[in-house]
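So the structure is just underneath, and the comments pick up after that.
Laboratory data are not the source of any read-out in this text; all were calculated from the coordinates shown. Owing to the predicted nature of the structure, the values given are computational and were not obtained by experimental measurement. A quick note on method: Cβ atoms are made from the backbone with ideal geometry, for glycine too, and the neighbour counts reach across all protein chains shown.
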Amino acid sequence: MTYRGVALFGDPGIGKSTIGALLHELVPKSVQSEGADVLYRIAGLDAPPERFDELLEALRESNMRVKPSRVDAKRLFERVNEMYGDDAVARVIIAEDVGEEPLIVTGPRGLANARRFQDEGYCVVYLRAVESLAAQRLVERDGIPLDAAIEEVQLERKLFQNDEIEIMADVIVDLADKNSQDVAYELAPIIVNE
């Protein structure tokens, strides 16, 4: 099957952005987009417009990015979903994908975003990690205590419906015995449609 690109989903801290960057190195004609960047750009607006088409225009005109805290980012994700629909992040990224190059999307979060990408011809990849591995990676990345990391993983799995994304994903990669580079090599043929 030929895909327009890939969208990487999975628990926080498991390496979605790292794998996306490695994929981009392996497929130099690809374009990389991060789901969080859409939220940072929306956070940088004085006030999010009421309509989605106005949001797209405002994002085109603004280069301002504000990185909210993890708690504020979750609130913003929920607000964006309420204002523009649960698939708003995917719709922004897809609307901005005007080239012929394959798109690598990392961390767009949420079942509705996964479905939108899949409906638009992207390969939805779910990066599977057991809770303890995901939590340990959060500890290493963010320097938070293990119990807080486990709580964060559980919260995000529920909030973003990761179990449902895993069920509907086109490709599932188990991270238990693979490093990020191995995963990137495994996914590269999908992007170049081999």
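Within the same chain, lysines fewer than 8 places from LYS29 are excluded, and of the rest, those with a Cα less than 21 Å from its Cα are LYS16.
What the Cβ-Cβ distance of MET1 and ALA95 gives, at R0 = 25 Å and to the nearest 0.05, is a FRET efficiency of 0.60.
Among the GluC sites (Glu not before Pro) in segment 79-142, those placed in a DSSP loop whose Cβ has at most 11 other Cβ atoms within 10 Å are GLU100. With Cα atoms defining each centre, segment 65-86 and segment 106-151 are spaced 16 Å apart in the structure. Between amide H atoms placed 1.01 Å from N, distances below 5 Å from ILE104 occur with VAL6, VAL31, GLN32, SER33, all of them 5 or more places distant or on a separate chain.
With the biggest extent put first, the Cα atoms of segment 122-182 measure 35, 28, 17 Å across the principal axes.
Taking amide H as placed 1.01 Å from N in the peptide plane, ILE172 has its amide H under 5 Å from the amide H of TYR126, each at least 5 places away in sequence or on another chain.
Nearest 20 debye, what's the magnitude of the dipole of the chain about its Cα centre given +1 on Lys and Arg Cβ and -1 on Asp and Glu Cβ? Numbers along the way, then the final one.
Values: 22 positive and 37 negative charges, 55 e Å.
Rounded to the nearest 20 debye, it is 260 debye.
To two decimal places, what compactness ratio does the chain give when its Cα radius of gyration is scaled by 2.2 N^0.38 Å?
On the way: Rg = 16.1 Å, N = 194, 2.2 N^0.38 = 16.3 Å.
For the chain, the normalised Cα radius of gyration comes out at 0.99.
The 3J(HN,Hα) values that the Karplus relation (6.51, -1.76, 1.60; θ = phi - 60°) gives for segment 113-129 are, in residue order, 5, 4, 4, 4, 4, 4, 4, 8, x, 9, 7, 8, 10, 9, 8, 8, 9 Hz. Gly and Pro appear as x.
List the trypsin sites (Lys or Arg not before Pro) within segment 1-104 that DSSP assigns to loop and that have no more than 14 neighbouring Cβ atoms inside 10 Å.
Values: sites: ARG4, LYS16, LYS29, ARG41, ARG51, ARG60, ARG65, ARG70, LYS74, ARG75, ARG79, ARG91; in loops: ARG4, LYS29, ARG51, ARG65.
For trypsin sites (Lys or Arg not before Pro) across segment 1-104 that sit outside H, G, I, E and B with at most 14 neighbouring Cβ atoms in 10 Å, the list reads LYS29, ARG51, ARG65.
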